[in-house]
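Here the structure comes first, spelled out in C-alpha cells, and everything after it is commentary.
Read the figures in this text as sums done on the coordinates, not as results from a lab. Quick caveat, the model's predicted, so the values are computed rather than measured. Methodologically, a virtual Cβ is constructed for each residue, glycine included, from the backbone with ideal geometry; neighbour enumeration extends over all protein chains shown.
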Amino acid sequence: MKKFLLFLFTLLVFCFMTGCGERKMSDEEIFLKVSGLYKNFRLAYERGDKQKAEMYLMELLNHHTEFENDEDPRLKLLYYLANQRMGILQYMSEKYSQSIPYFEKALQYNLDDVDAADYDQDDILNEKLMMQIGLASVHDKLGNFGKRDFYLNLAEKRIKLLESREERYSEYILEHFFFYYTVKSQILQSAGKHQDALNALLKLKELFKYETANVDSLYPFVIQRFGKYYYRRHEYKEALKYFKEVFDMLVNNHEFPTTSYIYAMKILLLDKAYPEALFLSEKALNMAKQKSGFFPNKRSEALLFLGIGKIYNAMNEKEKADHYKTLAGNLYSLQALEERWSMRK
C-alpha cells in the first residue's frame, strides 16, 4: 500500500548524482565530498538506517556555508533537497519545532534556473506545497496561529490550482489533497469549527470519488480521518463505524490497520463489547497466520497482542491476559506500546 507516510519519503526524484561530480571548480574536492555524503544518505535511508541517514544529511548541510554564494543551479537544488529531506525526517519523528528551520530554508530557494531535465518545476512547486502544509501543521501544534494561517493560505492557492486541473484525480495529486485537507480539518476542529472541519473531510472524500475501490490508494486513510473526527467529538458510535470500515477494508486486503484497530478496541472496551472486540482481533490474528507480511513491523504485531491482552484483562481472565501481554513484550517495549495505545486523539 502506498501509505501517506511512504509518500512523504519518496516524493523526491533525485537526479543530482548523474553528472554533478563532473563540475570543474576550485572547490571541486569539497563538492565531491558533499556529493558523496548525499549518496551515503540515500543508501542509508534505503537500508532503513534512519540514524545514519540523518547523520550524513547533517554533515552535508554543515558544508553549506562553503557554497553560500555559489549560484550553480545544481548546488542550489542539492541544498534545497537536503533541507527539505531533513525537515521531513524531523516532522515524521514528531520533532516538529526542529523541522521548521529546514522547511523554511528549503522554501527560500529560488530554483527557477534549474534545468527542467534535472528537476521539473511543477514538481518543485508541489514539494513546496507539502512543506507549506507541514509548516501550517507544525505552527498549529506549537500555538503559532499567525504563522499557521500564513502557510495554510499559501498552500490553499496551490491547492485551488491543482483542483482545476484535469489530472486532479491522479494518485500523485490526490496525495497533496489528502495532506492539505486532513491538516486543514484538524486545525479547524482544534479551533472549535467542527462543521467546517467536517466539510473539509467531505471535500476530500469527494476528490477521492474515483479511488474508493482502490485499497492501494490513500482512500482507507480518508475514511479513518472521519473516525478520528468523531472520536475527538466523543461521538464514539459514529467513530466506530468508520474505524470498522477501515479495519475490514485493510484486513481483507491482507494488511493490519494498526491505528483503526487501536481506536476500535478503545471504543469497544469502553462499551464493554468484549465479544465484538475479540472477534475483530481474532480475525486479524487469523489473517496474519495465513498471509506473511500482514504486519508492517513488529510493533504492529505487538499492538495486536497487547489489544487482545487488554480484552481478556477487562474480562477478568488474567491468565490469558498475561499470556498475550508477554507475547507483546517479547516483540516490543511494553512501555512504548502503552504510549502508542494512549496516543493523542
If the chain between L270 and S93 were fully extended at 0.36 nm per residue, the gain over the current Cα-Cα distance would be 60.7 nm
Listing T258, T326 from the residue with the fewest other Cβ atoms within 10 Å to the one with the most, what is the order?
-> T326, T258
Once you sort the root eigenvalues of the Cα gyration tensor of region 145-213 as a ≥ b ≥ c, which label holds: rounded (a/c under 1.5), prolate (a/b larger than b/c) or oblate (the other case)?
-> oblate
Proxy reagent accessibility, fewest Cβ within 10 Å first, across S164, S260, S93, S35 | S164, S93, S35, S260
Theoretical ellipticity at 222 nm over the chain - DSSP helices of four or more residues, -39500 (n - 2.57) apiece, nearest 500 | -23500 deg cm²/dmol
Quick one: check the C-alpha center-to-center distance for region 48-64 versus region 83-144, whole angstrom.
-> 17
Neighbour-count order for M130, M343, fewest beta carbons within 10 angstrom listed first = M343, M130
Just check region 218-345 against the gyration tensor rule for me: Cα atoms, a ≥ b ≥ c as the square roots of the eigenvalues, rounded for a/c under 1.5, and otherwise prolate or oblate depending on whether a/b exceeds b/c.
-> oblate
